[in-house]
1. Which residue, 273, 293, 171, has the most motion in a Gaussian network model of the chain that connects Cα atoms within less than 10 Å?
2. Where does each of 192-201, 213-222, 328-337 land if you order them by average Cβ count within 10 Å, highest first?
3. Using the beta-carbon distance between residue 173 and residue 75 and R0 = 45 Å, what value does 1/(1 + (r/R0)^6) give for FRET efficiency, to the nearest 0.05?
4. How do the peptides 103-116, 227-240 rank, highest first, by the average count of neighbouring beta carbon atoms within 10 Å per residue?
5. How many angstrom lie between the Cα centre of the range 78-132 and the Cα centre of the range 1-30?
6. Relative contact order, percent, of the range 222-347 when contacts are C-alpha pairs under 8 Å separated by at least 6 residues?
7. How high is the relative contact order of the chain, given as a whole-number percent (alpha carbon pairs under 8 Å, six or more residues apart)?
8. PRE reach from residue 34 (point 7 Å along Cα→Cβ): which of the range 256-288 fall under 17 Å by backbone N?
Ligand code: F0G
């Protein structure tokens, strides 16, 4: 039914807010018994790749675009490592307003670029990194009056709280540990706020510990200082100066969690493991939490038998190029039963 209808009472909607809807949300919380057994925990992945534009961004974008329309804005603008732009472009298309997206040139996964272009956004490739593109987008919004739909827009993070509500509605409780990738640091902050809303309403008795995972080459929250030249294969979280750093730090501190970083190699191994032993294909950035949990396990810092949720923030299909570097090619055969049998009967 879409986020705006599903959580109408928990969102800042008025009778004037258009009920924008691409049937976002209600994504599956998938138990991953084989992967969980390796870690000695009960592990669930919330597969946000099932959202209409293939990432968690749709939860906040639907509200940001609805509010922009309510406020009489005529266009939207954002900077993005790819997913925000795909989402903004999709919602702008669905309500019929222009969308401008600023991307770090050459650093966006192919599927995400194809999405923004297909949805009809004006796509601008900036010769600079995401942090610089974000500064430019803010200036563009100020000068033109376009609605800024990055997570500096408060409605984005409010909409993204819905992920926490769905987890609690499904489990009847909060997890012990909530593991999540951190880039611009909005989503971890939104989840923490969402869990707190449910705790205040008495819907959950205990809050989770928030564990934020970054890529080693783009880990400003782990090193505790901005990273001027962020670099990682997980391009979605290739961010050196997160705008919501203060909120994310508060979430981790208040919950008794931690920030940690993982190498690109660990991310790729986790991505392969999640697909081949979990049956879920998530994009590289989304696999930083699993890589992080494996690291905690190796360090004997992961308690046994606890309930852990990871947010699988984006669909693996968005970045086939990176996936293909991890796997072999198909086995080519002649079109005969004999050739087929030779393959089927090998070991
Ligand atoms: N995972 C994916 C797949 C993302 O696309 C992002 C952020 C994150 C995790 C990190 O979330 O920024 O709230 O800490 N992508 C943004 C974008 C920056 O432009 O699509 P965050």
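1. Top of the fluctuation ranking is 171.
2. The packing order, highest mean first, is 213-222, 192-201, 328-337.
3. 0.60
4. Result, highest mean Cβ count within 10 Å first: 227-240, 103-116.
5. 23
6. 20
7. Dividing the mean separation by the residue count of the chain yields 19 percent.
8. 269-282, by backbone N distance to the label point.
Bear in mind these aren't lab numbers, they're just calculated from the coordinates by the rules spelled out. Keep in mind the model is a prediction, meaning the values are calculated, not measured. Ideal geometry is used to build each Cβ from the backbone, glycine not excepted, and the neighbour counts take in all protein chains shown.
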